[in-house]
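Reviewing the structure listed below.
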Amino acid sequence: MKSGEFHWGIENNLHWVLDIAFREDECRKRKDHSAENFSMLRRITLNLLKQETTCNRSIAGKRLLAGWDEGYLEKVLFHA
C-alpha cells in the first residue's frame, strides 16, 4: 500500500465515523465560521470518546450515554 492510499484510508474511516456517530453530512450550519467550528468540536469529541475505555460501546453509544449520564460525561471530559 502506498502512503497516499494509507492516508485516504484513514481519512475515509474518520469521515465515516463522523458521519455515522455525529451525522456530520446532515449538518446545515453555513453562517460565518459555524461549519468549521462545529467540525472541530466534533473531532475533539470523537478523540475524547476514543480515549474513554471503561465503557464497551461504540462511539455513537458512548455519545448517547454521555448525554444521558452526567457522571459518564464527566468521566469522558475529565478522564476521571
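What are the residues in segment 29-80 that are surrounded by 12 or more Cβ atoms within 10 Å (Cβ to Cβ) and among the aliphatic types (A, V, I, L, M), if any? The answer is ALA35, LEU46, LEU48, LEU49, ILE59, ALA60, LEU64, LEU65, ALA66, LEU73, VAL76, LEU77. Of all the residues in segment 45-77, those that are of a type in the set (Ser, Thr, Tyr), at pLDDT below 95 and either assigned to a helix (DSSP H, G or I) or within 12 Å of the chain's Cα centre (by Cα) (or both) number 2.
The values are calculated or read from the model by the stated rules, or taken from the named source; none is laboratory data. Everything numeric in this text was worked out from a predicted model, so none of it was measured. As a convention, Cβ positions derive from the backbone with ideal geometry for all residues, glycine included, and neighbour counts pool all protein chains shown.
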